[in-house]
Structures are given as structure tokens and as C-alpha cells.
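K.L.:
I am attaching a structure below and will ask some questions about it afterwards.
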Amino acid sequence: MSDAGVASFSRLIGTGASEPHGHDGRTGGDHRASWLRAFKTVRDETERRAAPLSPEDQVIQSMPDASPTKWHRAHTTWFFEQFLLRPHQPGYRAFDDRFAFLFNSYYVAAGPRHDRPKRGLITRPDTREVAAYRAHVDQAVAALVESADGAALEKFLPILEIGLHHEQQHQELILTDILHAFAQNPTAPAYDPDWRMPGAAAGAGGAGFVDLEGGVYAIGHSGRGFAFDNEGPRHEVLLQDVRLGRRLVTNGEWLAFMQDGGYAEPALWLSDGWAAAQTEGWAAPGYWREINGAWFQMTFGGLAPVDPAMPVCHVSYYEADAFARWAGKHLPSEAEWEAAAGLGLLENAFGVVWQWTRSAYSPYPDYRPIPGALGEYNGKFMVNQIVLRGSSLATPEGHARLSYRNFFYPHHRWQFTGLRLADYAG
Ligand SMILES: [Fe+2]
């Protein structure tokens with residue numbers, strides 16, 4: 001997910017009437033009220049996630065790939081201002097014209113922007129001003145939805161909808177980025193002292209593989225509900241017989257890989273992966289610390305002992321690939337994952353960790369980005385990245401779906417990334 005979000009908002013807005021894109025032409029009061037509810041729900045969730053964080057927490061950028069919480073709160077607001085209010089609200093007055101430069105992420109068509117690695121240097125606007133910016137845009141979006149005539153509503157509701165899914169993606173990033181920041185702190189602060197890792201059932205039942213019969217499968221977005229452009233067109237793929245890990249790979253299995261010298265055996269690694277592991281000094285998953293011979297990991301609840309029964313998390317594609325080779329197995333392709341998950345064969349497919357596949361992030365047959373500046377949302381990142389499937393514990397409820405294609409560079413491991421295995425033998 002560069003910035004790059006089932007159930008979609010048909011559930012959030014409580015009607016199911018939004019399909020396929022929430023702009024079915026109905027312009028009655030209930031329809032508007034549903035969209036206003038969805039907008040408020042999503043905007044409030046961003047603030048709920050930021051609420052435990054102090055102004056000092058919200059300004060830090062702990063590495064170039066991560067962004068400050070304050071930036072996420074402002075950038076998601078800029079998105080509505082830039083793509084919804086400016087073009088569709090006649091006479092709209094921007095909260096502050098300078099914010100377009102500060103809070104544009106990567107949209108070249110939307111104008112020049114501040115350097116991404118320097119986001120943490122911006123102390124002004126402060127969190128109070130960013131809150132006022134959010135309130136200004138919230139009010140303007142609500143006024144637009146309430147006052148627009150039916151034809152105008154029809155035209156801009158798809159932009160409102162993508163803005164909501166976009167904000168949900170940043171809600172996940174707020175959490176993954178602050179965890180990275182807190183992990184740099186020797187005192188290992190807790191974002192939520194009561195936090196517990198989900199997915200306990202993942203360790204139960206031992207290893208186990210489920211059979212996916214070879215054949216022709218349709219993958220990609222089916223056309224019902226919202227989807228990003230990169231999830232289509234739906235198309236057929238030919239799969240061979242494969243067995244997929246019913247459950248996620250666990251910390252206990254990862255410890256076995258470590259104890260067997262997995263991080264020290266170059267034959268297990270891709271060349272780029274071995275180089276990354278040496279450069280970065282990888283000897284364990286991200287956020288793991290060895291203290292007096294015992295392994296701990298940084299979590300939202302602070303430092304906690306590594307639980308062997310829980311799914312492994314914060315591993316890069318390179319590590320996942322090396323683990324699979326060590327295990328004598330493979331990573332599944334994204335088509336295999338989608339076919340198996342669609343048949344209900346996979347435990348914890350959603351809501352625990354994103355699962356690396358071995359598929360390059362590339363366009364589906366006849367993929368075309370959506371027109372205009374928003375065409376930069378997904379398509380221009382379709383090189384050198386790897387697809388992850390499912391969703392994670394940080395993904396907002398209702399955001400993920402079967403056809404969702406997340407993508408990160410193979411060395412990335414600050415997201416909630418894990419794996420399940422694939423096996424083609426016998
Ligand atoms: Fe974004």
C-alpha cells in the first residue's frame with residue numbers, strides 16, 4: 001500500500017445500496033445521510049487512533065518510509081480538499097494555501113510537494129492547527145454533500161468514496177509508523193497498555209496444508225462494492241495443484257529457522273535479500289530484542305515476550321522467501337492465495353498479518369489507471385514491489401477484501417507482514 005484499502009462502505013453506511021460505487025443515482029435524504037455517516041465514521045476513526053499520542057509523538061518521523069501522525073491527519077484532509085472540494089465546491093476557500101505543498105504526498109499532477117524524508121522537520125502547523133484544518137474540511141465536505149444537486153452528487157460521490165478508503169489506508173499507517181517510532185525508544189512506550197496480539201488460534205492444530213485443486217480460476221474484483229483500480233480487471237488464471245498452509249507461520253517456527261542458522265546461510269537467500277540482511281544486520285524479525293537469552297518483541301503494548309504460538313510478524317519478503325526455502329516450501333502466488341481464501345480454506349486470512357506472496361506487483365491484463373490525477377494512486381507503483389494479501393491487525397474494519405492487493409518493497413518490514421507457505425510436492 002503506497003498510500004496506497006470489503007464490505008466497503010455498504011456496511012459502514014448501513015444500506016448496501018452503494019454498490020457498485022456508492023453512486024447509484026439515488027439522491028434522497030437517506031442516501032446523503034448514509035454518506036455523511038460514513039464520512040464521519042472514517043474521520044472519527046483517524047482521530048481515535050491519534051488520540052493516545054501526544055503532540056511530541058505526532059511530529060516524529062523515525063525513518064523516511066514512515067510519516068508523522070500529524071502529517072497523516074493533514075494529508076488525508078488535503079486529499080478531500082484537493083480532489084473533492086476544489087473541483088466540486090464552487091467558491092471553496094482553502095484553509096491555508098500553503099498546506100497543498102506540505103501535505104501532497106506523491107501526486108505530481110496536483111503540484112509540487114515537500115520532500116517525503118523531511119516530513120518530521122515540520123513543527124508548524126502544530127497539532128492544534130491540523131485539528132482546525134480537519135474541522136474546516138469536515139464542515140465543507142458535509143455542506144457539499146448536503147447542498148449538491150443530484151447530478152453533482154452523482155459525479156463526486158466516487159471521489160468521496162475513494163477519499164474514505166484512502167483515509168483508512170492512512171489509519172493503518174498511523175499505527176505502523178508510530179510503532180516504528182516507539183521501537184526506537186529504549187523505554188519501549190506502549191501505545192495501548194492493554195493491547196494483545198490477535199490470531200492466537202493460528203498456533204493451534206499444528207502444521208497443516210489444504211489442497212487447492214488445479215484448474216482455471218477467476219481472480220480480481222468481482223464488480224460488487226468498492227475496489228481500487230489495481231484489483232481489476234477480473235480475469236482467469238490457470239493454477240496447478242498446490243497445497244497451502246492452512247495457518248500462518250508462527251514465531252515458534254521462525255525461532256527454529258533462526259536456531260538452525262537461517263540468517264547465516266547465504267544459500268537460503270536471494271542475492272538482494274542476503275545483501276539487505278548483511279547491511280541491516282538482520283538476525284531476527286523486526287522489533288525483536290534478545291534480553292538475557294530470551295526474545296522479546298516491541299508491540300503496541302510495549303515490550304512483550306515472543307510467544308511461539310503467535311504468527312510471526314515484521315518480516316521482509318526477503319526473510320519470508322529465505323524461510324520458505326529453508327522449510328523446503330515456497331510462498332504462494334497471489335492468485336493461489338485469492339483462490340484458496342475465496343474457498344474459505346485459509347485460517348486468519350484477514351486481520352492478523354498481511355501475507356507476502358511471491359507475485360510481483362504488476363498490472364492485471366488490460367489494467368488501466370483511473371483517469372486524471374487519481375490515476376497516480378496505484379498504477380505508477382507497479383514495478384519492483386511485491387504483492388501482499390489479506391489484511392492486518394492494524395487494518396480498519398471493513399477495509400480489506402478478497403481481491404485487495406497490498407504492495408511493498410521486498411526489504412520493507414515495518415508493516416504487519418507475515419507469511420503462509422505453499423507446497424507443490426506430492
Ligand atoms: Fe495518501
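The values are calculated or read from the model by the stated rules, or taken from the named source; none is laboratory data. The structure displayed is predicted, hence computed values, not measured ones. Cβ atoms come from the backbone with ideal geometry, glycine included; neighbour counts cover every protein chain shown. Side chains included, ligands, DNA and RNA excluded: accessible areas come from the protein's heavy atoms. Shrake-Rupley method; radii C 1.70, N 1.55, O 1.52, S 1.80 Å.
K.L.:
In what order, largest first, do Phe99, Phe381, Phe350 sit by accessible area if the probe radius is 1.4 Å?
P.N.:
From most accessible down to least: Phe350, Phe381, Phe99.
K.L.:
Could you estimate the translational diffusion coefficient of region 91-224 from the Stokes-Einstein equation, with Rh from the Kirkwood formula over C-alpha pairs, at 10 °C and 1.306 mPa s, in whole µm²/s?
P.N.:
Answer from the Stokes-Einstein relation: 79 µm²/s.
K.L.:
Related question: Rounded to the nearest 10 Å², what accessible area does Thr41 have for a 1.4 Å probe in the complete protein model?
P.N.:
Probe radius 1.4 Å; accessible area of Thr41 about 60 Å².
K.L.:
Per residue, what accessible area does region 131-227 have, given a 1.4 Å probe and all protein chains present, in Å²?
P.N.:
Solvent-accessible surface per residue comes out at 40 Å².
K.L.:
Oh, and also: Per residue, how many Å² of accessible area does region 78-122 show with a 1.4 Å probe?
P.N.:
Computed with neighbouring chains in place, this is 53 Å² per residue.
K.L.:
I would also like to ask the following. Counting only protein heavy atoms and using a 1.4 Å probe, what share of the accessible area of region 118-169 belongs to carbon plus sulfur, as a whole percent?
P.N.:
55 percent
K.L.:
Let me ask something additional. Going by a ≥ b ≥ c, the root eigenvalues of the Cα gyration tensor, does region 32-101 fall in the rounded group (a/c under 1.5), the prolate group (a/b larger than b/c) or the oblate group?
P.N.:
Verdict is oblate for region 32-101.
K.L.:
Starting from the Cα gyration tensor of region 102-163, multiply each eigenvalue by 5, take the square root, and state the resulting semi-axes largest first in whole Å.
P.N.:
After diagonalising the Cα gyration tensor, the semi-axes are 29, 17, 7 Å.
K.L.:
Given Phe296, Trp354, Gln385, which one lies farthest toward the positive end of the charge dipole of region 277-413, if we put +1 on the Cβ of every Lys and Arg and -1 on the Cβ of every Asp and Glu?
P.N.:
Gln385
K.L.:
For region 274-364, what relative contact order do you get, as a whole percent, if you take Cα pairs closer than 8 Å and at least 6 residues apart?
P.N.:
It comes to 20 percent, rounded to a whole number.
K.L.:
To continue, here is another question. So how exposed is Asp423, as accessible area in Å² (1.4 Å probe, rounded to 10)?
P.N.:
10 Å²
K.L.:
To continue, here is another question. Would you mind telling me the share, in percent, of accessible area of region 226-276 contributed by carbon and sulfur at probe 1.4 angstrom?
P.N.:
C and S atoms contribute 50 percent here.
K.L.:
Here's something else I'd like to know. Between region 358-426 and region 92-120, how many Å separate their Cα centres?
P.N.:
25 Å
K.L.:
While we're here: In Å², and per residue, what accessible area does region 330-426 have when probed at 1.4 Å with the other protein chains present?
P.N.:
I get 33 Å² per residue for this part.
K.L.:
Hey, if you put +1 on the Cβ of every Lys and Arg and -1 on every Asp and Glu Cβ in the chain, which of Ala148, Leu36, Gly163 ends up farthest toward the positive end of that dipole?
P.N.:
Farthest towards the positive pole: Ala148.
K.L.:
Once the Cα atoms of the chain are picked out, what are the Rg and Dmax in Å?
P.N.:
21.8, 67
K.L.:
On the protein heavy atoms, probe 1.4 angstrom, tell me the percent of accessible surface of region 306-363 carried by carbon and sulfur.
P.N.:
Here it works out to 53 percent.
K.L.:
Take region 274-320, compute every pairwise Cα distance, and split them into 10 Å bins from 0; I just need the percent in each bin.
P.N.:
24, 52, 23, 0
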